[in-house]
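Every number here is computed from the coordinates shown, using simple stated rules; none is lab data. All figures in this text were calculated on a predicted structure; none of them were measured in a lab. All Cβ positions, glycine included, derive from the backbone under ideal geometry; neighbour counts span all protein chains shown.
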Amino acid sequence: MDIVYSVALLGLAVVLFVVFLLADRRPDRSGWVSDGGTVAELSTVLITGLIAFGLCFGVRFFASINEVAIGVREVALLAATLTAYYLILLKLAPRRRLAEHAAKLAQRSTVTELSSVSIVPLASPADNEGPSNNPRLPRAA
């Protein structure tokens, strides 16, 4: 049964990695996916922990392979787990979505570069007339 746990945890780590990768590369990212945000840190710890526990179960299985026989139930669960993760990754379509995101970002960057040239205002000269007479501004001591 350890091999089923190992494959399940490693597959879950891969699926979560793909989900967070797609969420991070979206051109119109949500607020919960931010650079250096809490979700990025938690996802890193979560994926690393899943990989570590998955590898531990795999090592435990291969260490006791002479003592434990693999039954039909384990083989069926292993096949079902691998099939489920394959279908999930097929449904997520990471290659297609990443290509779409890259195309949107490339299109947005060319539009931004063209529009930023015409929007940038000229710098105005600094006001050197002395202290301001505005009573709402604090005066320096």
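Per-structure values
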read-out: Cα gyration tensor category, rounded, prolate or oblate, for segment 45-102 with a/c compared to 1.5; value: oblate
read-out: Extension gain from Ile65 to Ala40, taking 0.36 nm per residue of separation minus the Cα-Cα distance; value: 5.3 nm
read-out: Spin-label model distance (nm) - Asp28 vs Leu105, 7 Å beyond Cα toward Cβ; value: 1.7 nm
